[in-house]
Amino acid sequence: MLYSSQGVCHGEYVEPDVQRGQAFGGTERGDIGDEKGPGWNGNLWQVQERMKIIGVPTSDMLLRGASVRLRFLTFLKHCGYPWEQYCGNLDGDVFYVEKKSSPEVIEVAKKARAKGMKVIFDLNDGMGYRDKDPKKRDDKAMCLVAHVITCNSEERAVILRKLTGKPVYVIPDGIDYGIKPCHRVELREEVRRICTFGHYKQVLASVKVLKRISVDGKKFYITDRPVPGLEKWRGRQWRYKKFIKQLRTADLCYLFHVDNEVSKLKSNNRLVVCMALGLPAVVSDTYVYAKTAKDAGVPEITNAVVMQDFGVRQRVSQKGFDYAWENYRPEKMGEMFRDMLMEVM
C-alpha cells in the first residue's frame with residue numbers, strides 16, 4: 001500500500017475531513033465557492049454525486065510540500081466531487097496522481113486504468129521527464145499510463161504535449177496558506193522592513209542580488225535554514241502557522257528567479273502570495289514574474305528604484321490585490337479542475 005489507512009496527514013492546515021479521508025463534495029455543498037449552496041449550476045450536483053475521485057498526493061500531506069496545498073488539496077476540496085486519499089482502494093471513477101511517478105504508483109495507476117478509471121497525472125515541476133533514477137521517479141512512464149496530464153503553466157503544457165502526445169490542461173497554482181482578503185496588510189509610507197522568502201535553494205540563488213540591496217531598514221528572510229552570505233539579514237525559520245504573520249510585518253518584498261530557460265517553467269506562487277496580501281514586491285525581470293506583472297497591470301514591480309515611492313507601492317498593492325483575488329482564488333482552481341473532469345470523462 002502507498003499510504004496507511006490513516007492517510008498520514010499532518011499539521012494544522014489539513015482539515016478534519018481530509019484526515020478522515022472523507023469527501024468534501026456531496027457533504028458540504030454550500031462550501032464549494034458558491035453562495036447559492038445546493039442546486040448551484042442547475043443539476044450539476046446530480047452529475048457530481050455519480051463520480052468519485054481517488055487521489056495520490058506527492059507526499060504524505062506534509063506542510064513542507066507546497067504543491068500538496070496548492071494543487072492536491074485545493075483541487076479536491078473545491079471541485080465539488082466526492083474524493084478520498086488512496087489507501088489501497090480503487091473503487092472510484094478517477095485516479096488522480098499529483099506528481100508521484102515511482103514504480104509503485106505507476107503499477108497502481110495501471111490497475112486503475114484496467115478497471116476503467118480515468119487516470120490523471122498532475123506534473124507541475126521539472127521539464128516533464130525525469131529518467132535519471134527511474135526507481136524513484138519516472139515521469140515518462142507515468143505520462144504513458146495517464147489519460148490526461150495537468151500542469152501549472154501554458155509554457156510547461158506546450159512541452160508536455162510535444163513529449164507525450166496526451167491532452168494537457170493548465171490549472172495555475174492558486175493562493176496559498178489559507179490567505180483571506182481580510183489578511184491584507186496596512187501599508188506604511190516609509191519602508192522600514194524588507195524581506196524575501198521561499199525554498200532554501202531559491203533564496204540561496206538570490207544571495208548576490210539581495211546583498212546589493214541598499215534600502216535602509218531591517219532585512220529578514222524566511223526559509224527552513226540559515227543562508228550563507230546573508231549574515232546581515234535576520235533569518236526566520238519557516239513555519240506554516242507563523243509564516244503569514246511574519247510576512248505581513250514587511251513593507252516590501254524582494255523575489256528573484258535565476259534568468260535561464262528553466263525560469264520560464266517556474267511558478268509565480270510567491271508573487272501571488274504577496275499580491276493576495278496587498279504586499280508590494282520587487283521581482284526579477286524574468287519570464288514568469290514579468291508576465292504576471294504585465295497581466296496584473298503593474299510592470300513597475302521589476303524596477304526596484306521606482307518601488308521606493310509610496311504612491312507607486314499603494315497602486316501596486318491595490319492592483320495586485322485585485323488581480324490575485326480575481327484570478328487565483330482556491331475556489332476558482334477547484335472549478336477549473338472540475339471543468340477539466342467534466343470534459344474528459
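Looking only at the range 269-301, residues that are in contact with a Pro (Cβ under 8 Å, 6 or more places away or on another chain) and either under 21 Å from residue 208 (Cα atoms) or among the aromatic types (Phe, Trp, Tyr) (or both) come to 2 in all. All conditions in (1) more than 19 Å from residue 320 (Cβ to Cβ); (2) touching a residue at least 12 places away in the same chain (Cβ under 8 Å); (3) not acidic (Asp, Glu) hold for residue 212, with the sole exception of (2). Looking across 154, 231, 189, one residue alone is touching a helix residue (DSSP H, G or I) at 6+ places or on another chain (Cβ under 6 Å) and of a type in the set (Asp, Glu). It is 189.
Checking each residue in the range 42-78 for being part of a loop (DSSP other than H, G, I, E, B), modelled with pLDDT of 70 or more and crowded, with 22+ Cβ neighbours inside 10 Å picks out only 57.
Contact map, the range 292-321: residues that are free of Cβ contacts under 8 Å to residues at least 12 places away in the same chain paired with residues that are of a type in the set (D, E, K, R), Cβ distance under 6 Å, separation 6+ or inter-chain. Pairs shown: 306/300. It is to be established whether one or more residues within the range 203-212 are part of a helix (DSSP H, G or I), polar (S, T, N, Q) and more than 19 Å from residue 306 (Cα to Cα). Among the residues of the range 203-212, not one is part of a helix (DSSP H, G or I), polar (S, T, N, Q) and more than 19 Å from residue 306 (Cα to Cα), which makes the answer no. Residues that are among the basic types (Lys, Arg) and closer than 13 Å to residue 125 by Cβ within the range 151-169 comprise just one, 156.
For residue 236, the conditions (1) modelled with pLDDT of 95 or more; (2) in a helix (DSSP H, G or I) all hold with the exception of (2).
Residue selection: residue 159 fails the criterion of being within 16 Å of the chain's Cα centre (by Cα) and of a type outside the set (Lys, Arg).
Figure legend. Inter-residue proximity from the range 182-206: first residues closer than 23 Å to residue 315 by Cα and in contact (Cβ under 8 Å) with a residue 24 or more places away in the chain, second residues assigned to a strand (DSSP E or B) and of a type outside the set (D, E, K, R), beta-carbon distance below 6 Å, spacing 6+ or different chains. Indicated pairs: 191/252; 194/252; 195/220; 195/253; 196/221; 196/254; 197/222. Name the residues in the range 169-186 that are touching a Ser or Thr at 6+ places or on another chain (Cβ under 6 Å) and within 21 Å of residue 324 (Cβ to Cβ), would you? Result: 171, 173, 174. Does residue 150 satisfy the condition of being touching a residue at least 40 places away in the same chain (Cβ under 8 Å), among the polar types (S, T, N, Q) and more than 30 Å from residue 343 (Cα to Cα)? In short, no. Being touching a Lys or Arg at 6+ places or on another chain (Cβ under 7 Å) and modelled with pLDDT of 95 or more is a condition met by no residue of the range 256-276. May I ask you to verify whether residue 310 is at pLDDT 95 or above, farther than 22 Å from residue 180 by Cα and either crowded, with 18+ Cβ neighbours inside 10 Å or not basic (Lys, Arg) (or both)? Against the criterion (at pLDDT 95 or above, farther than 22 Å from residue 180 by Cα and either crowded, with 18+ Cβ neighbours inside 10 Å or not basic (Lys, Arg) (or both)), residue 310 qualifies.
Of the residues screened, residue 215 is not one that is of a type in the set (Val, Ile, Thr), over 20 Å from the mean Cα position of the chain (by Cα) and either over 30 Å from residue 310 (Cβ atoms) or not in a loop (DSSP other than H, G, I, E, B) (or both).
The values are calculated or read from the model by the stated rules, or taken from the named source; none is laboratory data. Only a predicted model underlies this, so the values are computations on that prediction, with no experimental measurement involved. Neighbour counts are summed over all protein chains in view; Cβ atoms, including those assigned to glycine, are modelled from backbone coordinates with ideal geometry.
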